[in-house]
Every structure is written in structure tokens, then in C-alpha cells.
1. Quick one: order 168, 84 by neighbouring beta-carbon count within 10 Å, fewest to most.
2. Starting from 0.36 nm per residue, how many nanometres of slack lie between residue 160 and residue 46 once their C-alpha separation is accounted for?
3. Check the straight Cα-Cα distances from residue 113 and name the lysines below 19 Å, setting aside those fewer than 8 residues away within the same chain.
4. Can you figure out the FRET efficiency of residue 30 with residue 107, using R₀ = 25 Å and their beta-carbon distance, to the nearest 0.05?
5. Sort 95, 65 so the one with the fewest other Cβ atoms within 10 Å of its own Cβ comes first.
6. Hey, rough spin-label estimate for residue 170 and residue 83, points 7 angstrom out along Cα→Cβ, what's it come to in nanometres?
7. Using only Cα atoms, figure out Rg for region 32-71 and give it as a multiple of 2.2 N^0.38 Å.
Amino acid sequence: MSRSALPAGFLLLAALAAGCHGPMTFPAIQRLPPEEQLSVDQQWHNMLTPVNRLDDTLLLDVIIFNQFHERGVNRATFVSEKDYDQGVVRMTVTFEAARPQRDSFTIEIMDLKGQVLRRARFPGSFVLQRIKDLTENPYLEIDTTQPSNQPATGATTEPAPSIEALAYQKAMQERWAAIAAATQPAP
């Protein structure tokens with residue numbers, strides 16, 4: 001399967017998942033591996049010893065540059081609201097490093113009077129798995145242990161995709177079509 005066959009949204013999400021993103025790209029906060037968490041903790045210690053070591057502007061710059069407002073935090077709550085013609089949608093991300101079972105992404109849809117019409121809550125682990133499902137293609141993995149498929153002429157040939165890869169591609173195309181259709185007027 002060539003990359004040109006992938007929907008543009010898939011490629012965008014893949015780029016975001018690879019680290020080309022800004023703060024709160026996804027409605028969940030990822031836990032850091034222990035060695036990276038120790039590094040972040042040490043950096044905070046260094047920045048705040050003494051507490052006024054950095055002036056306010058430098059402190060802001062360091063937090064922005066390192067995404068310390070979400071990276072390696074112990075607790076976080078992020079609330080965003082979107083007005084729409086029939087009410088308000090409130091989205092809340094919660095994260096607690098010591099209690100992963102409490103991590104969540106909640107969507108509440110309220111009418112113009114503030115009455116909750118619909119509420120969906122997703123565990124943080126479920127959101128992170130959905131992100132992974134949308135951004136990682138198991139059939140794009142390159143096996144570097146196999147000999148090259150390049151003929152002596154220098155032209156490259158791709159092996160024919162497996163039945164599983166074709167089924168996966170079809171399922172993902174249907175999924176992306178459903179995602180795109182969801183933001184269009186209802187039939």
C-alpha cells in the first residue's frame with residue numbers, strides 16, 4: 001500500500017502522533033516512561049531552585065518550549081466549551097498520575113438553558129487506544145531484516161499487499177469516510 005492511498009487525515013494524525021504537535025493535541029495526557037519522568041522532575045527542580053531563579057517571561061518560555069503544562073504533570077484538568085446553535089458542548093480532560101483509573105475525557109452536550117442532554121465519558125486509556133488505532137498502521141511496518149526488493153536497475157518494487165493489509169486499508173477508508181461525513185449536514 002502506498003502512502004498516497006492513505007486519507008489526508010490519517011497522514012495528519014500520524015504526523016501528530018509522531019511528535020509534530022503542540023499542547024493538548026489529543027483529549028488525553030500520556031504518562032511518561034519512568035526515566036523521562038525523572039528527567040522532567042529534575043528539570044522542574046532545577047528551574048525552581050531557588051524559586052525565583054527564572055524571571056516570569058523565561059519561566060513561561062521554558063514551560064511552553066517543553067510543554068511542561070501537560071508533560072510529566074501529576075494532575076490536570078482541562079475544560080473547553082463550544083457554543084453551537086442549540087446549546088453548549090463542554091469537554092473535560094482529567095488526569096491524575098497516581099490514579100490512572102481516574103483519567104477520563106468527558107463530553108457533555110447541553111441545551112440553551114444549561115440542561116445536560118447527553119453525556120459521554122471515556123477512560124483515558126480508551127482515548128489513548130483510539131488515538132493509536134487512528135494513527136498507527138500495522139501494515140506499514142518495514143522489515144529491515146529482509147533483503148532489499150530493488151532490482152539491479154535501481155528501480156524499487158513494492159510487494160503486493162496481503163489480504164489482511166487490503167482489508168485493513170478498506171476498513172480505515174470506511175472509518176475516515178464516516179469521520180468526514182460526521183461533520184457534514186445530516187442526510
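Bear in mind these aren't lab numbers, they're just calculated from the coordinates by the rules spelled out. For clarity, every value in this text was computed on a predicted model and none was experimentally measured. Reconstructed Cβ throughout: ideal geometry from the backbone, glycine too, with neighbour counts over all protein chains shown.
1. 84, 168
2. Working: separation 114, 0.36 × 114 = 41.04 nm, distance 5.35 nm.
Using 0.36 nm per residue and subtracting the Cα-Cα distance, I get 35.7 nm.
3. Leaving aside lysines fewer than 8 places away in the same chain, those within reach of residue 113 are 82.
4. Details: r = 20 Å, r/R0 = 0.79.
The computed FRET efficiency comes out at 0.80.
5. Details: 95 22, 65 8.
The order, fewest Cβ neighbours first, is 65, 95.
6. Result for the modelled spin labels: 4.7 nm.
7. On the way: Rg = 10.4 Å, N = 40, 2.2 N^0.38 = 8.9 Å.
Cα Rg divided by the expected 2.2 N^0.38 Å: 1.17.
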